[in-house]
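What follows is one structure encoded as structure tokens, with my remarks underneath.
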Amino acid sequence: MSIKIIFNRAGKITEAVAEVGDTLLETAHKNGIKLFGGCSGAGVCGTCHILVEESYLNKINPPTDEELDIFDIFPNFSSNSRLACQVIVSDSAHGMTVTIPS
């Protein structure tokens with residue numbers, strides 16, 4: 001089943017098609033959305049930082065301890081921050097808006 005994910009970069013809205021089991025980083029790349037992943041999806045660099053629509057935070061997989069450690073290192077993370085390489089697309093993510101910070 002294809003899942004719709006909406007990416008917002010500086011007000012430019014792009015509807016992406018995601019596959020269950022892909023990460024949001026993979027989804028962005030497959031849909032031609034520029035989202036840097038410096039560690040190639042290992043979840044150790046923080047470059048694929050995104051903001052997840054708050055109403056979806058409890059509908060996606062929770063952050064791992066390693067992901068939370070990255071949030072402690074960088075000051076610009078907020079309560080709805082995630083690493084795109086660590087969020088796994090599921091059916092419950094359908095319609096979610098993801099903001100790519102500047």
Give the shape of the chain as rounded, prolate or oblate, defined through the alpha-carbon gyration tensor: a ≥ b ≥ c are the square roots of its eigenvalues, a/c under 1.5 means rounded, and otherwise the shape is prolate if a/b is larger than b/c and oblate if not.
rounded
Considering only the other residues whose Cβ falls under 13 Å of the Cβ of V87, what net charge follows from Lys and Arg at +1 and Asp and Glu at -1?
-2
What accessible area per residue comes out for the chain, rounded to a whole number of Å², with a 1.4 Å probe?
54
List the aspartates and glutamates whose alpha-carbon lies under 17 Å from that of K12, not counting same-chain residues fewer than 8 positions away?
E53
Heavy-atom accessible surface of the chain: percent carbon and sulfur, 1.4 Å:
54
Using θ = phi - 60° and Karplus 6.51 cos²θ - 1.76 cosθ + 1.60, couplings along the range 11-26 (whole Hz; Gly, Pro as x)
x, 7, 9, 10, 8, 10, 9, 10, 10, 4, x, 6, 8, 5, 5, 4
What does the charge count near F77 come to, summing +1 for each Lys or Arg and -1 for each Asp or Glu among other residues with Cβ under 13 Å from its Cβ?
-2
I3: net charge of surrounding residues, Cβ under 15 Å, Lys/Arg +1, Asp/Glu -1, itself excluded?
-3
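The values are calculated or read from the model by the stated rules, or taken from the named source; none is laboratory data. All of these numbers come straight from a predicted model, not from anything done at the bench. Glycine gets a Cβ as well: all are built from the backbone with ideal geometry, and neighbour counts include every protein chain shown. SASA here: full protein model, heavy atoms, side chains in, ligands and nucleic acids out. Shrake-Rupley method; radii C 1.70, N 1.55, O 1.52, S 1.80 Å.
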